[in-house]
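These notes concern the structure reproduced below.
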Amino acid sequence: MLDLLIIRFAFIVFVAVASWVIQPFGLNKIEALIAGVLIGLAVIVFEMRLRRVSLKQLIGAVIGSILGILGAYLFSLVIRDSLVAGSTQKFLELLVMLLMSYVGLIVGASKGDLLNLAALGGVFGAENKGRKSQKILDTSVIIDGRIADIAETGFLDGVLVIPQFVLRELQLVADSADSLKRNRGRRGLDVLAKLQKMANLNIQIVEDDFPSVREVDLKLIELGKMYEAKIMTNDFNLNKVAQLQGVEVLNINELANSLKPIVLPGEIMRVFILKEGKEYNQGVAYLDDGTMVVVDNARKMMGKNVDVSVTSVLQTTAGKMIFGKFDERASAMQANPRPMETKTVGQDRKTPLPIVVERAGE
């Protein structure tokens, strides 16, 4: 990013010095210098806007401009034969040229997404493949932190794109007056620092922004459309909205749910009852991965480890819930086993014990 700023500044300086030396349009040195700076700034702004355009849109704009110029040339032939040579004729020719070029540029750029560049192969196919391998990180998935653990395993490939507006949102959260939000924001910044230190990852911070869009989620969707990239998030609402607008989403929660061990009805698991449930006589426990376990007949067992029989499993995109039942009688029997009856040797014997008689003299 710093190198790009240096190159832009050097370009503006070069254009300004060249204009100051050449003095175009009959301007004096000061006026030429100011004009050079303005021209350099205009070129930089145009370059920044052009970077947001995909290759399809750029090729479509070029084709549209060429067709517009060709149409303007044909119109100019008609104007030359219809009007007397003069200022009016030259103005109409210039107006038609600008109009047709502008219309061709706009229409070609808007219809450029219909081009199938991958079918041409070569550089165009590689460009489309590179776009698809990019993944845009959402603020929620950065704060969550599991993205770093996934990256360490080597399952992530391609380029991880981090927009500037996401960094600004993280900074605002880290500077919040609320201690909870502040800790979440700082954790997100620590996760980003950890990702940048991984040698197997390609982290790219982009400056693309959409000033007309205020919400960060909608900006992410627009950036995903422009880059033809996937959005990595664990935000349920962003997941749904992005899918409705045709942007692919990688949901960390869905990945975690797919990796959880399968629990079947009838299995016995041991859980710790943490709190009361919403319904009567229910207790709530949590597994190590955060899965909620709702246990019937376990309200009295709060703060204790109990054996639960799984009755059903509810799987949703937001997570997994396990429903179970606690059998108090079976647990009591296991905790206090019935003592075994012991018998004394000879207790049930009906025959009398032998009598020992001592003999005299012995």
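Tabulated values for the structure
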| quantity | calculated |
| --- | --- |
| Residue ID - farthest from Ile162 (Cα to Cα), chosen from residues in the stretch 222-266 that are hydroxyl-bearing (Ser, Thr, Tyr) and modelled with pLDDT under 85 | Ser258 |
| Conditions (1) over 16 Å from Leu314 (Cβ atoms); (2) modelled with pLDDT under 85: number failed by Asp289 | (1) |
| Residue within the stretch 139-149 that is in contact (Cβ under 8 Å) with a residue 12 or more places away in the chain, closer than 22 Å to Met48 by Cα and assigned by TED's automatic domain parsing to the domain that holds Val249 present | no |
| Unique match (being of a type outside the set (S, T, N, Q) and assigned to a loop (DSSP other than H, G, I, E, B)) among Asp217, Asp209 | Asp209 |
| Positions within the stretch 257-271 being within 14 Å of Met321 (Cβ to Cβ) and either touching a residue at least 60 places away in the same chain (Cβ under 8 Å) or assigned to a helix (DSSP H, G or I) (or both), in sequence order | Asn257, Lys260 |
| Residue within the stretch 306-315 that is among the polar types (S, T, N, Q), part of a strand (DSSP E or B), at pLDDT 60 or above and out of contact with any strand residue (DSSP E or B) (no Cβ under 7 Å at 6 or more places or on another chain) present | yes |
| Some residue of the stretch 193-215 being surrounded by fewer than 19 Cβ atoms within 10 Å (Cβ to Cβ), free of Cβ contacts under 8 Å to residues at least 60 places away in the same chain, within 16 Å of the chain's Cα centre (by Cα) and farther than 21 Å from Leu156 by Cα | yes |
| Filter result for the condition that a residue is out of contact with any Cys (no Cβ under 7 Å at 6 or more places or on another chain), farther than 30 Å from Ser76 by Cα and at pLDDT below 85, over Leu156, Leu137, Leu167 | Leu156 |
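The values are calculated or read from the model by the stated rules, or taken from the named source; none is laboratory data. Only a predicted model underlies this, so the values are computations on that prediction, with no experimental measurement involved. Heads up, the Cβs are rebuilt from the backbone with ideal geometry, glycines too, and the neighbour counts pull from every protein chain shown.
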